Amino acid sequence: MRLLLVEDDERIASFIMKGFKEAGFVIDHAVDGETGLSMALAVAYDAAIVDIMLPKRDGISLIEELRLQRVNTPVLILSAKHSLDDRIRGIQRGGDDYLVKPFAFFELLVRVQALIRRASGRTEAVTLTYSDLVLDMYRREVRRSGVKIELPPREFALLEFLMGNAECIISKTMILEHVWNFNFDPQTNVVDVLVCRLRNKIDKDFPTKLIHTIRGIGYALKDPSKSL
């Protein structure tokens, strides 16, 4: 899952980004409202975390512009403003949740997960299943034929992306945009390296291979036995 953080406080931003990366998310960061708006309009984020007091454009006007542009990315407002009027105003202007600073990271994580769940129409913890492969997005667990497979955050994010688009061809550019940062160099071979590492864990010890290379295009998660 991919998040956008719009926060000008370097210490707070570093804290949030570290926490979400350790939880397996990809998170992009903007230090001002104008940059945050441009990024939110350019990329289909699963959720955004937006401070109110920002340089160049405040968080409320950023959210209002997103809604005017029909961008429905769920937004959690993160602010030191704690009055009831401030919280009501944030929600009325297009925010989906409001968390007051200072905060516990775990609460922020749970609230963002809940926003993503609601936006996707799911009301319970998400489990992705394909063939004998099961991925629990919120416990961060992967099992194949009941065997637990340990994956670091980047490999977990790639598998989640493949399983969420099972039997579809996923290009290398799409993987770069989903699994790495906003401005990652598209000429690198990191996608091939990451897919190779994931394939060794997901397919190597199992008779049916699920991760397939589509020459010249990208990759696909598919079970050959289903087409028989």
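The values are calculated or read from the model by the stated rules, or taken from the named source; none is laboratory data. Source: prediction; values computed, not measured. Using ideal geometry, Cβ is built from the backbone for each residue, glycine included, and neighbour counts are taken over all protein chains shown. Note: areas computed on protein heavy atoms with side chains; ligands, DNA, RNA excluded. Shrake-Rupley method; radii C 1.70, N 1.55, O 1.52, S 1.80 Å.
When H29 is tested against (1) open to solvent by 50 Å² or more (accessible area, probe 1.4 Å); (2) part of a strand (DSSP E or B); (3) touching a Phe, Trp or Tyr at 6+ places or on another chain (Cβ under 8 Å), just one condition goes unmet, and that condition is (3). Residues that are under 18 Å from E167 (Cβ atoms) and of a type in the set (K, R) were ranked within segment 192-224; the one that is least open to solvent (accessible area, probe 1.4 Å) is R199.
Tell me whether segment 178-186 contains one or more residues that are within 25 Å of S120 (Cβ to Cβ), modelled with pLDDT under 90, among the aliphatic types (A, V, I, L, M) and under 21 Å from the mean Cα position of the chain (by Cα). Yes, segment 178-186 contains a residue that is within 25 Å of S120 (Cβ to Cβ), modelled with pLDDT under 90, among the aliphatic types (A, V, I, L, M) and under 21 Å from the mean Cα position of the chain (by Cα).
Residue check: L5 meets all listed conditions (1) under 16 Å from L115 (Cα atoms); (2) buried (at least 20 other Cβ atoms within 10 Å of the Cβ); (3) under 10 Å from the mean Cα position of the chain (by Cα) but one, namely (3).
Do the conditions hold for L54, that is, is it outside any helix (DSSP H, G or I), open to solvent by 10 Å² or more (accessible area, probe 1.4 Å) and either more than 28 Å from D136 (Cβ to Cβ) or touching a Pro at 6+ places or on another chain (Cβ under 8 Å) (or both)? Walk me through how you get there before you give the answer.
On the way: outside any helix (DSSP H, G or I): yes; open to solvent by 10 Å² or more (accessible area, probe 1.4 Å): yes; either more than 28 Å from D136 (Cβ to Cβ) or touching a Pro at 6+ places or on another chain (Cβ under 8 Å) (or both): yes.
Against the criterion (outside any helix (DSSP H, G or I), open to solvent by 10 Å² or more (accessible area, probe 1.4 Å) and either more than 28 Å from D136 (Cβ to Cβ) or touching a Pro at 6+ places or on another chain (Cβ under 8 Å) (or both)), L54 qualifies.
To keep it simple, each residue is scored yes or no on (1) within 18 Å of the chain's Cα centre (by Cα); (2) of a type outside the set (D, E).
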residue	(1), (2)
S131	no, yes
V134	no, yes
M137	yes, yes
R143	no, yes
E150	no, no
E155	yes, no
E160	yes, no
G164	yes, yes
K172	yes, yes
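For segment 57-95, the tally of residues that are open to solvent by 70 Å² or more (accessible area, probe 1.4 Å), under 19 Å from A119 (Cβ atoms) and assigned to a loop (DSSP other than H, G, I, E, B) stands at 4. Evaluated against (1) outside any helix (DSSP H, G or I); (2) within 24 Å of M137 (Cα to Cα); (3) open to solvent by less than 20 Å² (accessible area, probe 1.4 Å), A44 falls short on exactly one condition, (3). Where residues in segment 136-149 are out of contact with any Lys or Arg (no Cβ under 8 Å at 6 or more places or on another chain) and modelled with pLDDT of 90 or more, which of them is nearest to R2 (Cα to Cα)? Within segment 136-149, the match that is nearest to R2 (Cα to Cα) is R143.
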